[in-house]
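Visitor: Before I ask anything, here is the structure I am working with.
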Amino acid sequence: MALFRYLSDDAFLIFSRKFRFLYEAALLDTYERFFSRGASFPTPQEVVHAIYDLIKRMPELLAEGDDVGEGLPDLVSKRRRRLKFAGEANEAAEAALRVASIAYQKLLQTGWLEEEEYGLRVTVDMPMGASLVMQLLSSLKSDVSQRFGGVVVNVKQSLELAAKLQPGSSVKEAVDAAYAVVQARDQATAFLKTLRAILSDLRRIRRTIMESRSMRERVDAYFQEFIGELVLKDFQAIHTFNHPFRFKDHILDLARDISLDPGTMRTIASGYVENGMADTLENGLRMAETDLLSIQEVFDGIGEMFDRIAVFRRQLEQRLRNTVKYAEQGSGGISSRASQLVRRLHKVMDQRPALSEFAWVPLPVEPMHTPWSERHFAQPRQSRKALESMAVPPKLVDPLLALRKRLKKEYMERIVPDERRLLQWLHENVPLAVTKEARFFKIEDVDSFIAFDAIRRFTKPGDIPPSIAVAFEIVDDSDGPQHDSDWIRCGNFLIRRRPVPAGGVDAG
């Protein structure tokens with residue numbers, strides 16, 4: 001069984017071998033030269049040639065004791081089945097070419113590269129798993145700084161495009177809206193990864209500062225990594241027109257309005273089916289709901305992420321202030337320089353006694369105290385006292401705390417009604433032998449709204465509690481007119497009483 005699905009079991013084994021630094025550089029160079037852009041299919045000779053050129057440019061990649069020297073001759077590999085030196089070959093060049101061939105064979109054996117025969121021609125390609133890994137490693141090698149790049153604005157515009165849909169929209173508009181929702185979800189996820197990357201970078205900078213062995217290294221870490229790489233790039237991007245808090249509420253409102261509009265959701269779901277992202281309309285609805293919920297979760301939690309970033313930033317800035325504040329207290333600070341100046345003045349006064357009577361200024365002298373005395377010694381440990389019996393005092397309950405707990409309990413029972421309260425509300429609002437439609441319900445107070453909002457979620461089979469299902473039948477009718485009031489806008493549903501069995505008594 002493979003450790004990773006698309007990677008060989010020995011894929012990372014070569015990075016613990018003799019030429020591990022050469023393997024890393026060879027993979028990055030080969031990926032960027034042949035497989036990062038364009039449809040290039042190099043031959044094995046061209047790959048070995050590229051590794052040889054890498055050794056020629058950076059001979060320090062080889063292990064110790066394998067120094068190939070400098071001034072290696074060039075190779076000729078174009079339209080040749082065998083590699084040939086352009087100049088005079090020497091022992092160092094042969095050794096470098098041999099190492100390049102070994103590195104190429106190891107990359108083949110561990111699954112980073114693969115050969116393919118096309119007739120008489122053999123070409124080299126990079127498998128899918130290795131290509132994805134190298135894409136990430138290449139991005140880490142080139143630039144690890146994160147950017148917002150207008151992600152929040154793009155998410156807002158994508159949701160606005162989806163919110164403009166009407167029930168009678170064309171197929172093209174539905175497909176565009178589906179793509180917009182998927183793109184908004186991907187960008188929101190990438191935005192969350194960016195915030196996590198900034199937090200990780202702050203932790204890395206804090207570790208670098210704490211591990212600094214001198215004051216110069218600590219100050220360099222502050223100004224090069226914290227200020228130069230992070231603050232001036234990432235925080236500058238945050239505090240601009242694209243700041244997440246500028247459009248946070250608008251994005252959340254758009255996502256909620258779209259998810260609560262049955263007509264818009266069905267149109268978007270049809271777009272999912274048309275572009276092949278879902279096989280049925282029901283699966284399209286579920287995918288659209290999941291994508292919109294992911295967007296809401298991201299923008300609901302960015303406040304905590306920014307709080308964490310702000311705390312880290314304040315801690316690092318406080319460390320910088322402390323470093324600058326106490327930097328002068330070391331051996332190279334102003335105190336040591338002042339003491340040296342005083343000693344030099346004393347020497348001048350000793351050499352020229354005539355100046356001594358003008359060198360002193362009468363000033364009050366602070367009394368000196370020694371930093372040690374008998375009062376500073378550690379106190380001896382006293383003998384342990386025996387336990388004494390005593391009456392247990394009664395537990396004092398703060399009346400304000402008790403009132404707060406009682407009010408909190410009543411509040412939770414009110415906003416999350418139990419089955420008994422919902423059943424009572426249905427008996428009061430649904431007459432006998434009448435099918436009541438949700439669009440005709442009149443919501444007059446908060447309790448009615450809470451009960452209505454809880455009951456409208458029982459339209460799916462299996463969601464209705466057994467005690468309510470015995471007495472009432474709730475059927476989805478979202479294709480009909482909507483319920484639209486000052487309290488809520490939602491799809492229509494039907495409520496009717498079930499017939500009372502013979503000999504039974506209706507609770508209403």
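Visitor: Using packing as a proxy for protection, rank 384-393, 447-456 so that the peptide with the highest average count of other Cβ atoms within 10 Å comes first.
Guide: Going from most to least packed, we get 447-456, 384-393.
Visitor: Could you tell me how far the Cα centroid of region 398-435 sits from the Cα centroid of region 148-184, in Å?
Guide: Cα centres, region 148-184 to region 398-435: 40 Å.
Visitor: Further, regarding this structure: Please work out the FRET efficiency for the pair TYR118 and ALA197, using the Cβ-Cβ distance as r and a Förster radius of 45 Å; give the result to the nearest 0.05.
Guide: 0.60
Visitor: Further question: Between ASN275 and ARG57, what is the FRET efficiency for a Förster distance of 41 Å, r being their Cβ-Cβ separation, to the nearest 0.05?
Guide: About 0.30, to the nearest 0.05.
Visitor: Here's something else I'd like to know. Would you kindly state how much longer the chain becomes between ALA92 and GLN135 on full extension, computed as 0.36 nm times their sequence separation minus their alpha carbon distance, in nm to one decimal?
Guide: 12.2 nm
Visitor: Here's another thing I want to ask about it. GLN109 versus ARG420, label points 7 Å from Cα toward the beta carbon: distance in nm?
Guide: Roughly 7.5 nm, to one decimal.
Visitor: In the structure displayed, which of LYS56/LYS106; LYS18/LYS56; LYS409/LYS460; LYS56/LYS193; LYS156/LYS460; LYS193/LYS408 lie more than 28 Å apart, Cα to Cα?
Guide: Beyond 28 Å: LYS409/LYS460; LYS56/LYS193; LYS156/LYS460; LYS193/LYS408.
Visitor: Assuming 0.36 nm per residue, please report the length gained on full extension of the stretch LEU341 to SER212 beyond their Cα-Cα distance.
Guide: Length gained, LEU341 through SER212: 43.3 nm.
Visitor: Here's another thing I want to ask about it. Please give me the summed charge of the neighbours of VAL182: other residues whose Cβ is under 12 Å from its Cβ, Lys and Arg +1, Asp and Glu -1.
Guide: -2
Visitor: If you don't mind, there's one more thing I want to ask. Below 13 angstrom from the Cβ of SER131, what's the summed charge of the other residues (Lys, Arg +1; Asp, Glu -1)?
Guide: Value of the local net charge: -2.
Visitor: Considering the zone a paramagnetic label at LEU407 would reach in this model (a point 7 Å from Cα along the Cα-to-Cβ line), which residues of region 428-468 have amide N under 16 Å from it?
Guide: none
Visitor: SER170 to ASP453: extension gain in nm, 0.36 nm per residue of separation minus the Cα-Cα distance?
Guide: That works out to 98.7 nm of additional length.
Read the figures in this text as sums done on the coordinates, not as results from a lab. This is a predicted model, so every value here is computed, not measured. With ideal geometry, Cβ positions are generated from the backbone for all residues, glycine too; neighbour counts draw on all protein chains shown.
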